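Heads up, the thing below is written out as structure tokens.
The values are calculated or read from the model by the stated rules, or taken from the named source; none is laboratory data. Just so it is clear, the structure is predicted and the values come from calculations on it, not from any experiment. So basically every Cβ, Gly included, is an ideal-geometry build from the backbone, and we count neighbours across all protein chains shown.
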Amino acid sequence: MRRTPTSSAQSSERGFVIVAVLWILVALSALAAIFSVYLSNSARVLGATDIGVPTEALASASLELTAYQLLLHAQDKERPAQGSFRFKMDNAEVLVTFTSEAARVDLNKASKEMLSNLFEVLGAEPKAAGEVADRIVGWRTEAKPNAANDEEALYLASGLGYSPRQGPFAHVDELSLVLGVSPAMVERVLPFVTVYSKSADVDVLLAPAEVVAAVPGMTPEALNDFLKQRATLPRDPKAVAAALGAAAKAATLPEAKAYRVVTAIRFDNGRRASTEAVISLGKDQDKEPYSVLSWQDHAETGSGSLRQAGRS
């Protein structure tokens, strides 16, 4: 039987419809795959936000409460150099510790000897430690007008694409740009340095043993004796000087101008998070009780109880 022109046209139309349907099915499949990826990414973002938003709120509350406790003391000398407290809010338990930044070595104020000692205590060879201290002092020291800039020449000769700041360190991470300071050494020294204490001295009653060991005039024997009795010493320069022995010049106990606040949070579902911030109390406390100088988040997913100050 011969196919008529009409039946051929109908067959072509059916073929066209089938192809169109197949293309639509392919497009729908692609859209479904894209939507699946979108949902997966959204779930991850929401999961992070789920802990991120309350963490930020609780950390902000901890800073407010820390500033409140510190401002209860009208005189700077009366304020505690360190402390801790805890509170519960909604579905979280929060442990807050605060410590004067004077417990750290200030990169902008510390003497060359103090800096050199610190790097040596942390494992650098004496010569290398001295050279690093020179470069730190060179980085923070303003160039003299109409004079040869020897510090800048060192960076150019080393092939670096930048010059030293020749001004105060803006942040401790800037240490990684200083000529001669390796990434490994930066990582080791960061827990012991600051740019916020604004003091050439350190608070030896609060400072880590590594920082106390770096104090000019300190000997291993004097360090050992001092650390044994430190917990029982009053905040009295004379008593501290007597305990320091040859390093008695370090008994200045500088007043706290900034505080490092560590907030450890444990949610009821077992998830944990922590933040570390540095705050400075405001000069006009009615208008601005405090200001935040730095803030760093540390998100965790494990479980556990808040056992000791600053640790979960």
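Number of residues in region 74-114 that are free of Cβ contacts under 8 Å to residues at least 60 places away in the same chain and crowded, with 22+ Cβ neighbours inside 10 Å equals 0. The lone criterion from (1) surrounded by fewer than 21 Cβ atoms within 10 Å (Cβ to Cβ); (2) basic (Lys, Arg); (3) closer than 21 Å to Thr97 by Cα left unmet by Lys228 is number (3).
The single residue among Glu152, Glu142 that is surrounded by fewer than 14 Cβ atoms within 10 Å (Cβ to Cβ), under 21 Å from Asn108 (Cβ atoms) and either over 24 Å from the mean Cα position of the chain (by Cα) or in contact (Cβ under 8 Å) with a residue 60 or more places away in the chain (or both) turns out to be Glu142. Pairs are defined by a Cβ separation below 7 Å, a sequence spacing of at least 6 or placement on different chains, a first member in region 253-267 that is in the same structural domain as Phe85 (by TED's automatic domain parsing) and assigned to a strand (DSSP E or B), and a second member that is modelled with pLDDT under 90 and basic (Lys, Arg); the pairs so defined are Ala264/Arg311. The number of residues in region 82-111 that are more than 18 Å from Ser60 (Cβ to Cβ) and touching a Lys or Arg at 6+ places or on another chain (Cβ under 9 Å) comes to 10.
Restricting the search to region 107-147, which residues are of a type in the set (A, V, I, L, M, F, W, C) and under 17 Å from Leu179 (Cβ atoms)? Walk me through how you get there before you give the answer.
Taking region 107-147 first, the residues of a type in the set (A, V, I, L, M, F, W, C) are 107, 110, 114-115, 118-119, 121-122, 124, 128-129, 132-133, 136-137, 139, 143, 147.
If the condition is that a residue be of a type in the set (A, V, I, L, M, F, W, C) and under 17 Å from Leu179 (Cβ atoms), then Leu107, Leu115, Phe119, Ala124, Ala128, Ala129, Val132, Ala133, Ile136, Val137, Trp139, Ala143 are the ones that fit.
Here Phe226 passes the criteria (1) part of a helix (DSSP H, G or I); (2) aromatic (Phe, Trp, Tyr); (3) touching a residue at least 60 places away in the same chain (Cβ under 8 Å) except the one numbered (3).
Look at Glu131 and say whether it is in a helix (DSSP H, G or I) and at pLDDT below 95. So Glu131 does not fit the description; no. Within 27 Å of Glu255 (Cα to Cα) and of a type in the set (A, V, I, L, M, F, W, C) - does that describe any residue in region 149-171? Looking through region 149-171, at least one residue is within 27 Å of Glu255 (Cα to Cα) and of a type in the set (A, V, I, L, M, F, W, C).
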